[in-house]
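Before any comments, here is the structure.
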Ligand SMILES: [Ca+2]
């Protein structure tokens, strides 16, 4: 009977581990690798992309536009083709997109917009993109903010509703950052969530993923960074009842005017767009195991076997002599 109970304990632990290993999230990444539910409707590693003009890339027909404010003061380029930035290696291959502000007095925005989503997806959008901020990247005043990207934007005239992921630097000397997730509906700006002391990845590539379910009243917004689900918002307005056109901004440089330093730079690589909720296994960053040289699987199997052996030993001790 005792052997049977020990075997049951081991089997139960093993069966429990399988689903747990698929869902355990982490602040620094998920240990899971999900399979995409669908193929992307658009994917590029930018290896064959060139500049079409100062505001557009040849991205295989997808409608893109880099929005600057005012005249000059911002630029885009194909890293590895138009420029080679010392110390910068693209996330994949030899090409990625470079974006910068050079004069904030002329432009405080440089937005990588994918337009015409109404022709690309239905009411669900899932985007995966890799971004790179320089190691020395930071803000210069605590009341400044930086917009990292807008998950969805409605077309003109009002551009609402839309959502935005804002970065603040709450302590300039310690490089302490916070994330604010906001939505704007009509004239109402609502903070959907805040993450204080956010370990902003700098000096390395990081993966931003987001999901938008577009609905006038029951919309859903989710944001992951490096596989960790940071925001999971339901029942928000994400769709205008009168405007069908919408676009997304997977990468953005946009500052409050109080920050007058320049240049600001941001690199973009490996963009994927899906028409439904999906998490790409190719872009998930595995959670590093706590013991170097061992995988999560080997550690968990070891724990299960150890507990099973313990249960067997205890069962033997309790057997009548
Ligand atoms: Ca690339």
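Bear in mind that the values in this text are calculations on the coordinates, not laboratory data. What you see is a predicted model, and the numbers here were worked out from it, not measured in a lab. Glycine gets a Cβ as well: all are built from the backbone with ideal geometry, and neighbour counts include every protein chain shown.
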Fill in the blank from the handout: PRE zone check, label point 7 Å out along Cα-to-Cβ of residue 81, amide N under 18 Å, scope the stretch 107-132, hits 112-114, 130
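Using only Cα atoms, what is the ratio of the radius of gyration of the stretch 105-208 to 2.2 N^0.38 Å?
After normalising by residue count via 2.2 N^0.38 Å, the value is 1.18.
Is the stretch 116-160 rounded, prolate or oblate when judged by the Cα gyration tensor, a ≥ b ≥ c being the square roots of its eigenvalues, rounded requiring a/c under 1.5 and prolate requiring a/b larger than b/c? It would help to have the intermediate numbers written out before the result.
Values: a/c = 4.14, a/b = 1.74, b/c = 2.37.
The shape class here is oblate.
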Fill in the blank from the handout: Computed over the stretch 201-281, the convex hull of the Cα set has an average projected area, in nm², of 7.5
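In what sequence do 261, 66 fall when counting other Cβ within 10 Å, fewest first?
By the 10 Å Cβ count, ascending: 261, 66.
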Exercise for the section: Just rank 99, 78, fewest to most, by other beta-carbon atoms within 10 angstrom. Expected result: 78, 99
Problem - Alpha-carbon Debye profile of the stretch 37-274, log10 I(q)/I(0) at 0.08, 0.16 Å⁻¹ - result: -0.27, -1.23
Handout entry: Fully extended contour minus Cα-Cα distance, from residue 55 to residue 89, at 0.36 nm per residue
Key = 9.9 nm
Fill in the blank from the handout: Subtracting the Cα-Cα distance of residue 122 and residue 172 from 0.36 nm times their residue separation yields 13.8 nm
Problem - Exposure proxy order (Cβ contacts within 10 Å, fewest to most) of 115, 140, 91 - result: 140, 115, 91
Problem - Listed peptides 186-193, 204-211, 57-64 by packing density, highest first (mean Cβ within 10 Å) - result: 204-211, 57-64, 186-193
